[in-house]
Amino acid sequence: MERLSIGKMAFLNGVTVQTLRLYDRLGLLKPEEVDAISGYRYYDLKQSARLDAIQHLKTLGMPLKAIKEQFDRKDMGRYKDLLRAQARLIEKRREELNLMSRAVERALENCRRYEEAPTEGLIVLEHLPERLIFRYNGGIDIYECGLEGYETLLRRLKARVALRGLPMAYFCNVGSIVRKSDLEIGRMRSADIFLFVDNEFAERYQSRESTADDSEERAEGIESIAEGVFACVYFRGFEKELGFAERLLNHIAANRMRINGDYLCEVVAELPLFPTASRDMLVKLEIPVMF
């Protein structure tokens, strides 16, 4: 039997000396012999098979502790259980990475919309597709409570989003709603805030287990914003909303358009590059109209 030094064993197997020392400490791969005087570790080339097994299980994502337990037990049933558990973990990570990818795509889209937004205050007509929102009624009129009330509602919405298992990647493009019935009598009132979601979340939400005694749950739901033509205006800064809302409503009346649905105040983009004490955001007001 040729004795292999720890350095040669590491070289032949494409690992580091530090890795072999770690495996020795953990009891995963003990050297065949340790010199009593020098303390040098020596390995047998046949031990490469065990090292291969360790590396294989590591590529499956198994932690070293689980690998050690499996080696100690030599139980096929336990091994299959470990593999199934690892498969579930990998699937969860895949979903998380997919959501992260979508979050990056959303962020890029927000940057594009920020850069291509019309001149502040310019009223434009946009044909928009059907969209889905997750809506929450927090029982606070944001127009009475101002920015502080809006922030309070956002915290509640964020909590509901987390409770429903919706990743925070969705927590952008939030907004508030003034119902058509209030608009038509000239009243700006909103306790409904929302965020845009996709079909995947809507399906997950609608198939969830309901909690009948949850009063908060009764204040939330999925709504569809119908496809149509919207009168829109863009501006920067939360505090400007009411002034631009009045301008938008006057434009609709002056051009003999009819309000065809709820008023939406959407945060198009909130760039976190230069955080300040208040929110620096591009806001879009939109009202569906008919001619």
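The values are calculated or read from the model by the stated rules, or taken from the named source; none is laboratory data. This is a predicted model, so every value here is computed, not measured. All Cβ positions, glycine included, derive from the backbone under ideal geometry; neighbour counts span all protein chains shown.
Some points to look at:
Residue-wise test of (1) exposed (fewer than 11 other Cβ atoms within 10 Å of the Cβ); (2) touching a residue at least 40 places away in the same chain (Cβ under 8 Å); (3) farther than 18 Å from Lys284 by Cβ.
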position: Arg78; (1), (2), (3): no, no, yes
position: Leu82; (1), (2), (3): no, no, yes
position: Leu97; (1), (2), (3): yes, no, yes
position: Arg113; (1), (2), (3): no, yes, no
position: Ala117; (1), (2), (3): no, yes, no
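- Selection from region 3-39 of residues that are part of a strand (DSSP E or B) and surrounded by fewer than 17 Cβ atoms within 10 Å (Cβ to Cβ): Ser5, Glu33, Val34
- In this structure, Tyr234 does satisfy being at pLDDT 90 or above, hydroxyl-bearing (Ser, Thr, Tyr) and under 22 Å from Arg131 (Cβ atoms).
- Residue under evaluation Glu69, criteria (1) part of a strand (DSSP E or B); (2) within 40 Å of the chain's Cα centre (by Cα), criterion not met: (1)
- Filter pass, Val178 being exposed (fewer than 15 other Cβ atoms within 10 Å of the Cβ) and at pLDDT 90 or above: no
- Applying the condition of being more than 20 Å from the chain's Cα centre (by Cα) and hydroxyl-bearing (Ser, Thr, Tyr) to region 181-209 and asking which residue is surrounded by the fewest Cβ atoms within 10 Å (Cβ to Cβ) yields Ser181.
- Condition check for Arg78: within 39 Å of the chain's Cα centre (by Cα) and under 30 Å from Val233 (Cα atoms): no
- Members of region 254-269 that are over 16 Å from Phe235 (Cα atoms) and touching a strand residue (DSSP E or B) at 6+ places or on another chain (Cβ under 9 Å): Asn255, Met257, Arg258, Ile259, Asn260, Gly261, Asp262
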